[in-house]
Amino acid sequence: MSKQVTVAELREKLDELLAEVEAGESLAVVRDGKQVMSIQPAIVKARYPFRGFDFGPRPKNLKTDPAALIIEERDRERSGKKYGLWSRTSIFRSCCAWF
């Protein structure tokens, strides 16, 4: 919920109200009973959100290193074994030979 202040109050107590905003409070500035603006705390995003994050131990049911699986899959793709007798290049050439 935001706190409502008039424009005159904002002028008089600007430093105090900004301290409240820095503490997390939102302000609704009103003139003649109508809201003319709102002042909200800035959202500060972490520059390195996972710094200091502990990923924990590997699950017990995982017997191989995930990086080794990725490397194996990459090597299989590059050798053409993933596509059976066809490699990516031969598939492209056969499909696009008429270009």
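We did not get these values from a lab; they are worked out from the coordinates using the rules stated. As the structure is a computational prediction, the values presented were derived from the model and not from experiment.
Over the range 1-77, with a single point scatterer placed on each C-alpha, what log10 of the ratio I(q)/I(0) does the Debye formula yield at q = 0.13 1/Å? For the range 1-77, the Cα-only Debye profile gives -0.60. Taking amide H positions as modeled 1.01 Å from N, with prolines and chain starts lacking one, the residues under 5 Å from Val30 and 5 or more places away or on another chain are Val5, Thr6, Val7, Val36.
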